[in-house]
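For reference, the structure is listed below as structure tokens.
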Amino acid sequence: MTTFSELRPVESRFRLDPEIMAGAIYRKYEKATRKIWNAKLLDYEQDAADWARLTEPQRMGIATITVRFEAGEQEVTNELGPMLAAAHALGRFDWVMFISTFMLEEARHSEFFTLWHARVPQLLTPAEKAGYWPAREHTVDPLGRFAAGEPVYEGLPRYGRQLSAAVESGDETVIERAFVQFATLYCVWVEGVLTMPSYEIVIDTTELWDALPTLRQGFRNILGDEGRHITFGTEACRILIAKNPEYEALAHGVIDEYRGNAIGMLEYQRNVPGLDLQKYQRQKVRHYLNRCREMGVTADQSLVEQILDPELDFVVGVEAG
Amino acid sequence: MGRRWQCLEFGCGVTISAASDEELVAAVNEHVREAHSSYELEEVVLANAEDEPDPPQPRDAMMGDR
């Protein structure tokens, strides 16, 4: 009769060793466990008082960003499962440990925005929040060369399904390829480049207006968490690309698929009155080059030129087609 | 060993050096705030930092002079 120890040698049941605990990804896990914050413990009263004195354009500018964040955080909380399953399938226990904190943090971000919307602008229902959500199709390149896609609501579920199928296949190379694509879209492009201006817009604006301190604090807390998410994704990609340099093309391919989203500021990022949009556009280049440096890949110079090209930009409010 | 980080803001390229990771994060953010009205995340600074090369030893310098 086969013993349990023969089925599963005892030595194979231990995964955490000093080498893993000395690594960059375990360090992020450890830091995440020290940096826990609680959205319920924040004080929303001053924000509610500030909201009452803001003008309608100011309210609209902020709320078009915050409703995107609330839904976006919920979407990514819901779409992280395949990444966890893939880390497990690749036998990378430190990745599993870190992704457990990653999911918890995305859930906490979702909770923060839901609470803030309930207690400050008193947006409670999906319909009320949808009223502040300009359609992506209203972001248009007047020259017709680029289109802005929906990487969070269309791309992540699609690449997540591919990653789940890869895990089911049990083929290590297939899983690694799909992991690079998923992590590039989520951690590198969405979190690490496209969303970055939104944080700066909210922090800059609330400082300029001397208003909404809890929203600003929430964004700062979230940014601290996002720094770990972004650099987990780039570190995981760096490890996999170093193992198989052919994966680099997959990372560039995913970014290229949503290249259009970077060439101008998107509809929900343009609503706050008085912003220097070119500043945020320039910073996308820094974020993109940082991500490439972290992954150990060569940046696409044509993308850098397109992000910086002042003649390439979107207009908003025009029906597509 | 010291740590260093290069700013990749378009047209910048400044290299910041510091004695420790903690000091590097502070110095990088001072630069990014003053030069680019922005900030850099702690984890991003750490992920892009590298060790300073060892300064040349006196003997190496003498050999380099030959």
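The values are calculated or read from the model by the stated rules, or taken from the named source; none is laboratory data. As the structure is a prediction and not an experimental result, all values here were calculated from the model. Every residue, glycine among them, receives a Cβ derived from its backbone with ideal geometry; neighbour counts consider all protein chains shown.
Within the range A:244-259, identify whether any single residue is closer than 17 Å to A:A178 by Cβ, of a type in the set (A, V, I, L, M, F, W, C) and within 14 Å of another protein chain (Cβ to nearest Cβ), and answer yes or no. No, the range A:244-259 contains no residue that is closer than 17 Å to A:A178 by Cβ, of a type in the set (A, V, I, L, M, F, W, C) and within 14 Å of another protein chain (Cβ to nearest Cβ). Against the definition (of a type outside the set (D, E) and within 21 Å of A:I230 (Cβ to Cβ)), how does A:V140 come out, yes or no? Spelling it out, it is not the case that A:V140 is of a type outside the set (D, E) and within 21 Å of A:I230 (Cβ to Cβ). A:D171 meets each of the listed conditions (1) among the acidic types (D, E); (2) within 14 Å of chain B (Cβ to nearest Cβ); (3) within 27 Å of A:A24 (Cβ to Cβ) apart from (2). A single member of A:P121, A:P57 is closer than 25 Å to A:P197 by Cα, over 23 Å from the mean Cα position of the chain (by Cα), at pLDDT 95 or above and not β-branched (V, I, T), and it is A:P121.
Restricting attention to the range B:13-22, does a residue exist that is part of a helix (DSSP H, G or I) and closer than 19 Å to A:R27 by Cα? Yes, the conditions are met somewhere in the range B:13-22.
Restricting the search to helices (runs of 4 or more DSSP H) fully inside the range A:76-146 and requiring at least 2 residues that are farther than 30 Å from A:S164 by Cβ gives A:93-119, A:126-130. Restricting A:G192, A:G264, A:G260 to those that are touching a strand residue (DSSP E or B) at 6+ places or on another chain (Cβ under 7 Å) and of a type in the set (G, A, S) reduces the list to A:G260. Only one of (1) surrounded by 15 or more Cβ atoms within 10 Å (Cβ to Cβ); (2) without any contact (Cβ under 8 Å) to a residue 60 or more places away in the chain fails for A:D171. Which number is that? Exception for A:D171: condition (1).
The rows are residues; the columns are (1) aliphatic (A, V, I, L, M); (2) closer than 22 Å to A:P126 by Cα; (3) outside any helix (DSSP H, G or I).
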{"site": "A:T2", "(1), (2), (3)": "no, no, yes"}
{"site": "A:K28", "(1), (2), (3)": "no, no, no"}
{"site": "A:D43", "(1), (2), (3)": "no, no, yes"}
{"site": "A:A48", "(1), (2), (3)": "yes, yes, no"}
{"site": "A:I62", "(1), (2), (3)": "yes, yes, no"}
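If we keep just the residues of the range A:1-42 that are aliphatic (A, V, I, L, M) and farther than 30 Å from A:Q217 by Cα, which is nearest to the other protein chains (Cβ to nearest Cβ)?
My answer is A:A22.
Among the residues of the range A:108-124, is any touching a residue at least 60 places away in the same chain (Cβ under 8 Å) and hydroxyl-bearing (S, T, Y)? No, the range A:108-124 has no match at all. All conditions in (1) within 16 Å of the chain's Cα centre (by Cα); (2) farther than 25 Å from A:D309 by Cα hold for A:I241, with the sole exception of (1). Is it true that A:F113 is touching a Phe, Trp or Tyr at 6+ places or on another chain (Cβ under 7 Å) and either closer than 29 Å to A:Q58 by Cβ or of a type in the set (F, W, Y) (or both)? Yes: the conditions hold for A:F113.
Taking the criterion of being more than 12 Å from every other protein chain (Cβ to nearest Cβ) and of a type outside the set (A, V, I, L, M, F, W, C), the residues of the range A:176-213 that qualify are A:E176, A:R177, A:Q181, A:T184, A:Y186, A:T195, A:S198, A:T205, A:T206, A:D210, A:P213. Of everything in the range B:6-48 that is more than 8 Å from chain A (Cβ to nearest Cβ) and β-branched (V, I, T), the residue that is nearest to the chain's Cα centre (by Cα) is B:I16.
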